[in-house]
Amino acid sequence: MATSVRTVSQLRARLALDQNLRDELSANPESVLARIDAEPIPDTWIYRIVVLSLGLAVLSCIIGAIVLSALGKAIPELLIALGSGAIGALAGLLAPSPAGGS
């Protein structure tokens with residue numbers, strides 16, 4: 001199958017466009033649904049790179065804050081802001097998206 005199906009809405013859209021898939025689904029629904037279920041979810045490298053970069057930013061801010069506090073120096077507000085922003089961005093990327101939105 002050309003594009004992966006992750007929701008019932010996507011399956012309905014594919015069925016509306018593909019007569020052969022509709023015929024195959026009515027003839028043997030279990031095999032069609034098993035084949036759709038076995039399709040891999042596309043893996044995007046840019047997503048991995050962004051998550052890794054934000055994770056490294058968080059870790060470097062934490063390590064920097066620990067080192068500075070161990071040396072008895074004040075932690076710069078910029079370091080706190082960078083760490084907080086990176087944590088917020090990671091939370092936004094890794095949180096599941098709403099199912100239907102509304």
Scaled to the compact-protein estimate 2.2 N^0.38 Å, what is the alpha-carbon radius of gyration of segment 45-94, rounded to two decimal places?
1.25
With point charges of +1 on the Cβ of Lys and Arg and -1 on the Cβ of Asp and Glu, referenced to the Cα centre of the chain, which listed residue (Leu94, Leu25, Leu79) lies farthest in the positive direction of the dipole?
Leu79
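With a cut-off of at most 13 other beta carbons within 10 Å, and DSSP calling the residue loop, which trypsin sites (Lys or Arg not before Pro) in segment 28-75 qualify? Please list them. Mind dumping the intermediate values first?
Details: sites: Arg35, Arg48, Lys73; in loops: Lys73.
In loop regions of segment 28-75 (DSSP not H, G, I, E or B), the sparsely surrounded trypsin sites (Lys or Arg not before Pro) are Lys73.
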Mind checking the dipole of the chain: about its Cα centre, +1 per Lys or Arg Cβ, -1 per Asp or Glu Cβ, Debye to the nearest 20?
300
Of all the C-alpha pairs in the chain, what % are more than 20 Å from each other?
60
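When only Cα pairs under 8 Å and 6 or more residues apart are kept, what is the percent relative contact order across the chain?
Details: 44 pairs, mean separation 23.7, N = 102.
Relative contact order for the chain comes out at 23 percent.
When you count, for each residue, the other Cβ atoms within 10 Å and take the mean per peptide, how do 60-68, 13-21 rank with the highest first?
Values: 60-68: 13.9, 13-21: 12.2.
Averaged packing, sorted descending, gives the order 60-68, 13-21.
FYI, it's all coordinate maths here, none of it is from the lab. Not measured: the values here are computed from a predicted model. Methodologically, a virtual Cβ is constructed for each residue, glycine included, from the backbone with ideal geometry; neighbour enumeration extends over all protein chains shown.
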